[in-house]
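Contents: one structure, followed by commentary.
Derivation of every value follows stated rules applied to the coordinates shown; laboratory data play no part. Not measured: the values here are computed from a predicted model. As a convention, Cβ positions derive from the backbone with ideal geometry for all residues, glycine included, and neighbour counts pool all protein chains shown.
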Amino acid sequence: MAEIAAIVLAAGRSSRYLAAGGAEASKLVADYRGEPLVRGVARAAAGSLARPVVVVTGHARPEIEAALAALPLTFVHNPDFASGLASSLRTGVAALPPAAAGAIVLLGDMPGVEARTIDRIVEAFVARPDAFAAAPVFSGRRGNPVLLGRALFAAVARLEGDEGARGLLRDAADRVVEIPFDDAAVALDVDTPEDLAAARKLLGISGRERLR
């Protein structure tokens with residue numbers, strides 16, 4: 001099977017989370033299911049078909065790296081993280097090995113994404129040799145994580161500011177593989193402490209529950 005990497009975006013400033021009263025240095029180290037939020041995302045990536053797993057850090061770098069200790073990950077730092085999402089996406093893609101045929105891009109604040117979610121997207125992309133990208137679809141709308149094929153890497157290198165992959169998928173048109181999901185996790189992210197509480201409720205998880 002073609003080699004597909006994973007990029008975990010963990011560089012953001014958590015501005016809305018902190019403005020809404022979040023106590024942690026970053027929302028990504030807030031407790032979720034007995035571990036830092038970002039650790040669950042990275043653990044899902046590490047348990048999937050994707051290799052290698054590259055984590056892009058920026059804001060709160062020491063805290064993020066500590067939260068991910070002992071996982072089989074590669075870290076790359078984005079010193080320009082304050083300029084927006086695009087710089088982190090560019091940093092992650094630039095760190096990939098030449099053999100990578102694509103990369104599935106995970107947001108560090110999506111707690112419901114599991115290894116099997118990632119694997120479904122990877123397998124759907126690999127099954128379409130002419131595909132440029134793949135994306136999950138929930139309730140008629142595209143969600144995350146999105147897989148970007150190597151054919152789009154040059155376009156990623158030209159992204160600026162807070163541009164993400166949405167425009168690239170629009171331009172790729174019918175070269176995007178859409179995978180239907182009946183799981184709201186592909187549409188659920190955390191921006192505020194209230195979002196974190198809502199995610200725990202929606203996904204049936206208590207913040208005090210410890211992993212077994």
note = In order over the stretch 108-121: 3J(HN,Hα) from phi, Karplus 6.51/-1.76/1.60, θ = phi - 60°, whole Hz, x for each Gly or Pro, gives x, 10, 10, x, x, 6, 10, 4, 5, 4, 4, 5, 4, 5
Rounded to whole Hz, the Karplus (6.51, -1.76, 1.60) HN-Hα couplings of the stretch 42-49, x for glycine and proline = 5, 5, 4, 5, 5, x, 9, 6
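Å³ per residue of the Cα convex hull, for the stretch 14-55? Don't skip to the answer; put the middle values down first.
Values: hull volume 3.1 nm³, N = 42.
Cα-based convex hull of the stretch 14-55, divided per residue, equals 74 Å³.
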key: 3J(HN,Hα) from dihedral phi, the stretch 28-39, Karplus parametrisation 6.51/-1.76/1.60, rounded to Hz, x for glycine, proline   = 5, 9, 5, 5, 8, 6, x, 8, x, 3, 5, 5
query = Under a no-solvent Debye model with one identical scatterer per Cα of the stretch 1-145, what's log10 I(q)/I(0) at q = 0.11, 0.18, 0.21 Å⁻¹?
reply = -0.39, -1.04, -1.35
note = The answer for the per residue Cα convex hull volume of the stretch 113-212, in Å³, is 132
query = Using modelled backbone amide H atoms (1.01 Å from N, in-plane), which distant-in-sequence or interchain residues come within less than 5 Å of Tyr32's amide H?
reply = Leu37
key: Size of the stretch 7-77 as Cα extents on the principal axes (Å, biggest first)   = 37, 26, 17
Simple Cβ-charge dipole of the stretch 49-179, Lys/Arg +1 and Asp/Glu -1, about Cα centre, in debye nearest 20 = 260
